[in-house]
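For reference, the structure is listed below as structure tokens.
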Amino acid sequence: MLEANVVKRIKAAMEKIDFSGTVIVQNPNNIVVEKSYGFANRSEYLENKVDTRFGIASGCKLFTSIAICQLVERGKLSFETKLQNCLDISLPHFDSSISIHHLLTHTSGIPDYFDEEVMDDFEVLWIKYPMYTIRRLEDFLPLFQQNAMKLQVGERFHYNNAGYILLGLIVEQASNLSFSDYIQEHIFNKAGMDQSGYFEFDALPQNTALGYMDFSDGSWKTNIYSLPVKGGSDGGAYTTVKDMIKLWDALIRNQLLSVEYTKKLFTPYVKTDEQNSYYGYGVWIEKKHANINKYHVMGYDPGVSFHSAYYPENNYKVVVCSNKSEGAYDIMKEIENEIIIVNG
């Protein structure tokens, strides 16, 4: 009865906000909800399905953090290693005390190439640096490497995409692999995420949803001219809802990192701007009293909205992928109200 009621409520919420995407909810024993809505390709009327690949924007900062933790576990780096000692790139105005830990926790104080505290139009970036030229991590460097520090090192949490670009470059230098190849070999393959990857806009595989931006006059356009051709270590991978469940499973079962380093990944290091919200390594963490009740990742880009969470108190996992700029948060809240709180 609970499952039927939940599906009914989620379907009603999807219709109310004209949601486009796919949702999965899994408890320790089985899949509770598996539902798709809207179109992966509006022009061809191709519907979203459970195996549709979606862009997840910043949701894949978690992949970058796992990669760094793996390299630390293997002795290639340490969390205290200074940026200037592990990356052969000129960053003339960056503080010499910046460490990998600072980059992972958004406390480095470096300038961001898209500073969400002062900017709200992602497309403005590509006027000077056309998006079709951004295919490798080093292509992002001109957007920020000559800028002055924004804050003092460790001063406060400041969500920072540029820091994660630098972390991706550190992964490349420490592993002698391209960032996307490293993630494919050491995370996607190990977790069984066989539908996930860093795909290019001009070479998308089948079953990949196009991202859409809707406007108040009823018109729409895809996001092909709004984002880099290929995503990087700060965001832009594609995955399916089932592959994200596999990632949570692999982390919880210590298949990607040892118990010690999984714990480091999931440690709430810094308080964010939200109440009861903390940040670990690439993962947001919510506390209820003294206990952690939610680990989650999220991502927003033009034509992309994404939320996914693991709730340790009841072992529920939720993934909401959308190929519209908004919608994932609303569905996530509906699921939490109808399932997580009821069963928590």
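Answer yes or no: is there a residue in segment 212-223 that is under 20 Å from the mean Cα position of the chain (by Cα), in contact (Cβ under 8 Å) with a residue 60 or more places away in the chain and part of a loop (DSSP other than H, G, I, E, B).
Checked segment 212-223: at least one residue is under 20 Å from the mean Cα position of the chain (by Cα), in contact (Cβ under 8 Å) with a residue 60 or more places away in the chain and part of a loop (DSSP other than H, G, I, E, B).
So, in segment 254-299, how many residues would count as being closer than 23 Å to Gly192 by Cβ, among the polar types (S, T, N, Q) and assigned to a strand (DSSP E or B)?
Qualifying residue count, segment 254-299: 0.
Can you pull out the residues in segment 85-96 that are closer than 20 Å to Phe179 by Cβ and either surrounded by fewer than 18 Cβ atoms within 10 Å (Cβ to Cβ) or in contact with a Cys (Cβ under 9 Å, 6 or more places away or on another chain) (or both)?
Asn85, Asp88, Ile89, Ser90
Can you find a residue that is hydroxyl-bearing (Ser, Thr, Tyr) and not in a helix (DSSP H, G or I) anywhere in segment 160-177?
Just the residues of segment 160-177 that are hydroxyl-bearing (Ser, Thr, Tyr), to begin with: 164, 175.
Next cut, not in a helix (DSSP H, G or I) only: none.
No, that holds for no residue.
Would you please name the residue that is surrounded by the most Cβ atoms within 10 Å (Cβ to Cβ), looking only at residues in segment 309-324 that are touching a strand residue (DSSP E or B) at 6+ places or on another chain (Cβ under 7 Å) and assigned to a loop (DSSP other than H, G, I, E, B)?
It comes out as Asn323.
Could you pull out the residue among Phe54, Phe19, Phe94 that is aromatic (Phe, Trp, Tyr) and under 28 Å from Ala191 (Cα atoms)? Can you show your working first?
Details: Phe19 fails: under 28 Å from Ala191 (Cα atoms); Phe94 fails: under 28 Å from Ala191 (Cα atoms).
Exactly one of Phe54, Phe19, Phe94 is aromatic (Phe, Trp, Tyr) and under 28 Å from Ala191 (Cα atoms), namely Phe54.
Determine which single condition Met244 fails, assuming it passes every other condition in (1) under 14 Å from the mean Cα position of the chain (by Cα); (2) at pLDDT below 95.
With (1) under 14 Å from the mean Cα position of the chain (by Cα); (2) at pLDDT below 95 applied to Met244, the lone miss is (2).
Would you mind finding the one in Ser180, Ser175 that is in contact with a helix residue (DSSP H, G or I) (Cβ under 7 Å, 6 or more places away or on another chain), modelled with pLDDT of 95 or more and over 24 Å from Thr107 (Cβ atoms)? Walk me through it before giving the result.
On the way: Ser180 fails: in contact with a helix residue (DSSP H, G or I) (Cβ under 7 Å, 6 or more places away or on another chain).
Exactly one of Ser180, Ser175 is in contact with a helix residue (DSSP H, G or I) (Cβ under 7 Å, 6 or more places away or on another chain), modelled with pLDDT of 95 or more and over 24 Å from Thr107 (Cβ atoms), namely Ser175.
Here's a check for you: in segment 189-208, which residue that is touching a residue at least 60 places away in the same chain (Cβ under 8 Å) and either in contact with a Cys (Cβ under 8 Å, 6 or more places away or on another chain) or assigned to a helix (DSSP H, G or I) (or both) is surrounded by the most Cβ atoms within 10 Å (Cβ to Cβ)?
Checked segment 189-208; the qualifying residue surrounded by the most Cβ atoms within 10 Å (Cβ to Cβ) is Ala191.
Taking only segment 151-175 into account, find how many residues are under 21 Å from Ser90 (Cβ atoms) and crowded, with 18+ Cβ neighbours inside 10 Å.
Selection size over segment 151-175: 14.
Pick from segment 24-46 the residues that are of a type in the set (D, E, K, R) and either closer than 17 Å to Glu313 by Cα or at pLDDT below 95 (or both): which of them is surrounded by the fewest Cβ atoms within 10 Å (Cβ to Cβ)? Working first, answer last.
Step one: list which residues in segment 24-46 are of a type in the set (D, E, K, R), which gives 34-35, 42, 44.
Still in the list and also either closer than 17 Å to Glu313 by Cα or at pLDDT below 95 (or both): 34-35.
Working: Glu34: 14, Lys35: 19.
Among residues in segment 24-46 that are of a type in the set (D, E, K, R) and either closer than 17 Å to Glu313 by Cα or at pLDDT below 95 (or both), the one surrounded by the fewest Cβ atoms within 10 Å (Cβ to Cβ) is Glu34.
Output the residues belonging to segment 299-337 that are small (Gly, Ala, Ser) and at positive phi. Steps first, please.
Narrowing segment 299-337 to residues small (Gly, Ala, Ser): 299, 303, 305, 308-309, 322, 325, 327-328.
Listed by number, the residues that qualify are Gly303, Gly327.
What number goes with the only condition from (1) closer than 19 Å to Ala162 by Cβ; (2) surrounded by fewer than 20 Cβ atoms within 10 Å (Cβ to Cβ); (3) not aliphatic (A, V, I, L, M) that Asp249 does not pass?
Here Asp249 clears every test but (1).
Given the criterion modelled with pLDDT of 95 or more, surrounded by 17 or more Cβ atoms within 10 Å (Cβ to Cβ), in contact with a strand residue (DSSP E or B) (Cβ under 7 Å, 6 or more places away or on another chain) and assigned to a helix (DSSP H, G or I), identify the matching residue among Leu62, Leu71, Leu103. Lay out the reasoning, then the answer.
Working: Leu71 fails: in contact with a strand residue (DSSP E or B) (Cβ under 7 Å, 6 or more places away or on another chain); Leu103 fails: in contact with a strand residue (DSSP E or B) (Cβ under 7 Å, 6 or more places away or on another chain).
Just one listed residue meets the conditions, Leu62.
If you take the residues of segment 252-284 that are under 21 Å from Met298 (Cβ atoms) and among the hydroxyl-bearing types (Ser, Thr, Tyr), which of them is surrounded by the most Cβ atoms within 10 Å (Cβ to Cβ)?
Step by step, filter segment 252-284, then rank; the result is Tyr281.
Go through segment 108-123 and count every residue that is over 18 Å from the mean Cα position of the chain (by Cα) and modelled with pLDDT of 75 or more.
Keep residues of segment 108-123 that are over 18 Å from the mean Cα position of the chain (by Cα), which gives 108-111, 117-121, 123.
If we keep only those that are modelled with pLDDT of 75 or more as well, we get 108-111.
Result for segment 108-123: 4.
The values are calculated or read from the model by the stated rules, or taken from the named source; none is laboratory data. Bear in mind that the values here come from a model prediction, so they are computed numbers and not experimental data. Cβ sites come from the backbone with ideal geometry, for glycine too, and all protein chains shown count toward neighbours.
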